[in-house]
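The values are calculated or read from the model by the stated rules, or taken from the named source; none is laboratory data. In this text the structure is predicted, and so the values were computed from the model without any measurement. Methodologically, a virtual Cβ is constructed for each residue, glycine included, from the backbone with ideal geometry; neighbour enumeration extends over all protein chains shown. Heads up: the accessible areas ignore ligands, DNA and RNA and are worked out on the full protein's heavy atoms, side chains in. Shrake-Rupley method; radii C 1.70, N 1.55, O 1.52, S 1.80 Å.
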Amino acid sequence: MKFILKYIDNNVLVKVASLNSVSVFIKIISGFLTSKFIAIFVGAEGLALIGNLRDFASAARTFSILGMYNGVVKYVAQFKTNKLELSKILSTTLYLGFIATGLVSIFSYYYSEEINTYLFKEYNDYGYVIRIFAIVLPFYALNMMAFSILNGFSKFKYLILFNIFGQILGAAITIILIWQNQIDGALIAVVIAESMLFLITLVGILNRQNFAPLIKASNFNFGYVKKLSAYSVMALFSAILLPFIAVKIRGYITDELGLQKAGMWEAMNRISKYYLMFISSLLALYILPRFSEINTIKGFRKEVFNFYKTIVPIFALILAVIYLLRNFIIQILFTNEFQPVEELFLWQLLGDFIKVLSMIITYQFLAKKMFWHYIIVEAFSVAVLYLTSIYFIDAFGVVGATIAHFATFVLHYGIVLLIFSSSLFGVLPKNEENDD
């Protein structure tokens, strides 16, 4: 471990790019392995149930930390040398997180049967899995708070290393549980794997700076509550609404076409998630901080078009290769049972390509805290996704869900281009015309 950390310290490029690529690569390999075990031991129907639970857990986890992660990173970075302000931000976020996590855990535990009915319908009683989730959720919240503090102090190497070892631990636990208990094991793994990462983080930070003395109830600050609210609402809006819509669409496919077809759609979503990891990681690492520091229209335009000219063609080539190798990919990731997923690739890949074109620009919403623009565009997109999914599923079967994905992001991209049309295509202000 010491050798790795020393090597990273002496190589900035490795720290920022290579190590993060290793983290993403390990995450993808872990996903591949767990997908294969799910396909072998659980099948398409089980994968659909896992998808519903994963969406619920994702929404609940985000609510447990009130979507404050990015806000905490920003203010910890801003006040890391000011102990009083640092105490205020840490005290405020940790107490808010404690209350929110407690409420989500209590709700999940005591309403586990109702949540079970909503997620799994008549297929089985997995209320006990929801109760396990309620018990381990506080460990996830603590882990994310620790991560946000480390991120704010720019401890990138530790964050990435914790992620690497956490992914390995999570994959190992998931594979063992699936092997031993099939669908029950897979569902338990969904709810405990993220919380188990806290063990890695705890071991890693035990010998680091102790922030406990800075956390005081008397330093809870309502000013920071207001400052964090914009970050929280934007994060919560997408993180709760999108999983909810995914559960609704998966439920509609199940009701109309059967649970196995819903599993096919979930398999396509998992594949999409894997190849999008690289581009989303790159956007978070480069585009978001770059947009945050750019204060000119010319600078914003230059970054967008540079990304379009350099990264987008490579991404398009990757998608073309994935489409040509789709049969091979299905065989590697899943089993022969999942062969019908092959017909979902075209519209999913096209939709993801347009999605990335749009994401590059929409990071400006987050960078400049364009709150209402973000909320309105996301609300419109979610509504369109749900309505078009129902329409196209009725018309074309499960392929309709991927057609709806494509149609949604075409409209989303059109709106984003309209919002930023003057910044991207308009005449530059005179004071920026000659800027380099």
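Structure values in brief
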item: Residue under evaluation Val14, criteria (1) modelled with pLDDT of 85 or more; (2) over 22 Å from Pro138 (Cβ atoms); (3) of a type in the set (A, V, I, L, M), criterion not met; result: (1)
item: Exclusive hit being open to solvent by 20 Å² or more (accessible area, probe 1.4 Å), more than 25 Å from Ala246 (Cα to Cα) and touching a helix residue (DSSP H, G or I) at 6+ places or on another chain (Cβ under 9 Å), set Asn143, Asn163; result: Asn163
item: Count of residues meeting criterion [more than 10 Å from Asn219 (Cβ to Cβ), over 24 Å from the mean Cα position of the chain (by Cα) and not basic (Lys, Arg)] in region 73-96; result: 4
item: Residue in region 298-310 that is β-branched (Val, Ile, Thr), more than 17 Å from Tyr274 (Cα to Cα), buried (at least 18 other Cβ atoms within 10 Å of the Cβ) and out of contact with any Lys or Arg (no Cβ under 6 Å at 6 or more places or on another chain) present; result: yes
item: Residues of region 357-413 that turn out to be open to solvent by less than 40 Å² (accessible area, probe 1.4 Å) and not in a helix (DSSP H, G or I), as a count; result: 2
item: The one condition in (1) open to solvent by 40 Å² or more (accessible area, probe 1.4 Å); (2) part of a helix (DSSP H, G or I); (3) closer than 22 Å to Thr254 by Cβ that Asp125 fails to fulfil; result: (2)
item: Members of region 305-325 that are part of a helix (DSSP H, G or I) and out of contact with any Leu (no Cβ under 9 Å at 6 or more places or on another chain); result: Asn306, Lys309, Thr310, Pro313, Ile314, Phe315, Ala316, Leu317, Ile318, Val321, Leu324
